[in-house]
Amino acid sequence: MYANKIIVIGAGIGGLAAALGLQRRGFKVVVYERAQEIRELGAGLIVTANARRALHDLGVDEELEQRSSCVPIMYTCNYTTGEILREHPNAGIREKYGFATLQVHRADLHSLLMNAVAANDAEALHPGHEFVGLDETETGVTVRFANGAEDSGDALIGADGNASAIRALLFPGVATTFNGQVAFRALLPASEVPDRVNEIGQGMYAGPQRYILHYPLRGGRIMNIIGCGQATEWEEEGWAIPATNEEFANAYADFAPHLMEMIGNIPEGGLFKWGLRDREPLATWTTDRVGMLGDAAHPMTPFLGQGACLAIEDSMLLARAFAASNSVKEALVRYEGARKERGNGVQLMSLEEGRALQDPRIPRRTAVDRGLLKYDPVTVPV
């Protein structure tokens, strides 16, 4: 092996998927995470066929489907009345693309990936290590952590999210900016879900400058709720800032009665908010020995439901690029060449869809409408 050790910074879904893909192709990987415990605290996410092809290759897709929800029909609804405007059958997606769309609890996907990485190498995962710096030479990369630890490897992969410390170090001066959107999120136990919400299952309600989306997780035991709308200002950083049901309800007071009932039923302490932030697409994601993936490379707004999916795609192409190459530099060149147009392109598409969701004059084009599910990260050239 031309790379005896590959260091990954960030033990989220993208970092763990990359580690697992590299392990399965014979590479030794060490993953560092700044949190004291490697676990996923998030709520729901959508996993579509493009990402499921990679998860199948990684050996976790079948169990993920067993743990998740797979609604028969996804609905677009009138935001004031709840009337169904458009149906999106999941069976048709499975027939066309080979995999149906899953509604997934983020922690379930995260734990499957983490356990698989640890099963391959019990020493691969290192929590409590906050990345603070790196030194790149012709022969390798040395990384430094806030706790005083250092490690060296042949390559470094930044999978440390939208606020990526690696991206900030390699490309200083390209800060995130508040994009005028504030989102709410919550998980509602099945016992507290209004009947009409359960009947719909997955429903999107797009109103002027705002939308609400709900879908079931874990076979319907939990309902995931998201509200996203335009706001004039935002100060706080973070994506898990506590919010109140009253605050959420006041912002969406003209939405359908069953949605207001759903908001009112959110358990105390179970509602969070965050301000969405953007970066301009980067001209390059790599140096000779350092690369980035997921939100570190192409920060993704949630409007197409493709953030986790693109990180999984990146991870598969990264692993395949290392397997197909004879040097770290060649691997990273292959990876960026295979992924930059796709990643930056979907990043811009998601911003475009965000505008369409909140302006009825602009026609909506979902990930299915845009043909994003056709992409196969296991077979595309690298």
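Where a number appears in this text, it was derived from the coordinates with a stated rule and is not lab data. Source: prediction; values computed, not measured. As a convention, Cβ positions derive from the backbone with ideal geometry for all residues, glycine included, and neighbour counts pool all protein chains shown.
Rounded to the nearest 20, the Cβ-based charge dipole of the stretch 335-382 about its Cα centre (Lys and Arg +1, Asp and Glu -1) stands at 80 debye. The value of relative contact order for the stretch 54-128, using C-alpha pairs under 8 Å at least six residues apart, is 27 percent. The mean sequence distance of close C-alpha pairs (under 8 Å, at least 6 residues apart), as a share of the length of the stretch 1-68, puts its relative contact order at 30 percent.
Using C-alpha pairs below 8 Å separated by at least 6 residues, the relative contact order for the stretch 154-214 is 15 percent. Charge tally around residue 14: other residues with Cβ under 11 Å, Lys/Arg +1 each, Asp/Glu -1 each, net -4. Extent along the principal axes, Cα only, for the stretch 25-179: 57, 39, 29 Å, with the longest axis given first. Net charge dipole, the stretch 278-345: roughly 200 debye, given to the nearest 20, about the Cα centre with Cβ charges of +1 for Lys and Arg and -1 for Asp and Glu. Take the alpha-carbon centre of the stretch 304-379, take the same for the stretch 56-79, and report the distance between them in whole Å. Here the answer is 19 Å between Cα centres.
Bridgeable lysines around residue 28 (alpha carbons under 18 Å apart, same-chain partners fewer than 8 residues away excluded): 5, 329.
Protection proxy ranking, highest mean first, for peptides 55-63, 216-224: 216-224, 55-63, where packing is the per-residue count of other beta-carbon atoms within 10 Å, averaged. In terms of the mean number of neighbouring beta-carbon atoms within 10 Å, the peptides 153-163, 365-375, 136-146, 18-28 order highest first as 153-163, 18-28, 365-375, 136-146.
For the stretch 152-220, a/c is not less than 1.5, where a ≥ b ≥ c are the root eigenvalues of the C-alpha gyration tensor, and a/b does not top b/c. That puts it in the oblate class. Karplus-derived 3J(HN,Hα) values for the stretch 138-152, using 6.51 cos²θ - 1.76 cosθ + 1.60 with θ = phi - 60°, are 5, 10, x, 10, 10, 10, 10, 10, 5, 7, x, 6, 9, 8, 10 Hz; glycine and proline are entered as x.
With contributions of -39500 (n - 2.57) from each DSSP H run of at least four residues, the per-residue ellipticity at 222 nm computed over the chain stands at -10000 deg cm²/dmol.
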